[in-house]
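To start, the structure under review is shown below, and the notes come after it.
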Amino acid sequence: MTSPKPFIEIRKAVHSDISAIQEIAEITWPVAYGKIITEKQIRYMLDNRYNNDIIEKEMFLGDTYLMAEQDGIAIGYACIKARENGIYKLDKLYVNPTKQKTGAGKMLLQAVIKLILDSKGRELILQVNRRNPAVGFYTKMGFIIAREEDFSIGNGYFMKDYVMSLLLNN
């Protein structure tokens, strides 16, 4: 007999969720990227993408953060940014490694897609490291690899990514 699936709720993040977002990032990034990039690059990226000022500014400027909660505990988050011409970018989607395979990542992505469709968006793009196993997740969810690109992020570091795309039907 299988155990029941845990109850996961997706909701829009608010300012008071910033510390939970940071905590999940601190736990998730070394697991997700530890065999792909150096510890120094992980630290550099966390410091530059997850400090309070950056997240507050993103929220203030209209980026949408979503939280995944299991039994009231934050276990994952996503962030989307509106671009031009109905294009949105999935800038972040992470689930605590101990809570992966619960469906939280898929639920976050589905909530992102619903928000974009409700806003009459037509395409969702993302960047993912070419060596990241998440490429398989996004492919399974319908994304295609649009191109390979290396992005300079400062301090001599590069993100060697696929740019993936999902066309949405409105």
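Among the residues of the range 13-22, is any in contact with a Phe, Trp or Tyr (Cβ under 9 Å, 6 or more places away or on another chain), over 23 Å from I153 (Cβ atoms) and exposed (fewer than 12 other Cβ atoms within 10 Å of the Cβ)?
yes
Please specify each residue of the range 109-139 satisfying the condition of being basic (K, R) and either surrounded by 14 or more Cβ atoms within 10 Å (Cβ to Cβ) or in contact (Cβ under 8 Å) with a residue 40 or more places away in the chain (or both).
K120, R122, R130, R131
Tally up the residues in the range 63-79 that are under 12 Å from M107 (Cβ atoms), in contact with a Cys (Cβ under 9 Å, 6 or more places away or on another chain) and not aliphatic (A, V, I, L, M), please.
Selection size over the range 63-79: 0.
Can you name the residue in the range 59-71 that is farther than 11 Å from A13 by Cα and either in contact (Cβ under 8 Å) with a residue 24 or more places away in the chain or in contact with a His (Cβ under 7 Å, 6 or more places away or on another chain) (or both) and, of all such residues, is surrounded by the fewest Cβ atoms within 10 Å (Cβ to Cβ)?
D71
Return the pair list, or none, for Cβ contacts closer than 8 Å from residues in the range 33-50 that are closer than 19 Å to R131 by Cβ to residues that are at pLDDT 95 or above and acidic (D, E), at least 6 apart or on different chains.
Matching pairs, first to second residue: L46/E26.
Could you please find all residues in the range 67-108 being farther than 16 Å from Y138 by Cα and of a type in the set (G, A, S)?
Result: A68, G72, A74, G76, A82, G86.
The values are calculated or read from the model by the stated rules, or taken from the named source; none is laboratory data. Treat the numbers as computed from the prediction; the structure is a model and nothing was measured. In this analysis, Cβ positions are derived from the backbone assuming ideal geometry, glycine residues included, and neighbour counts consider all displayed protein chains.
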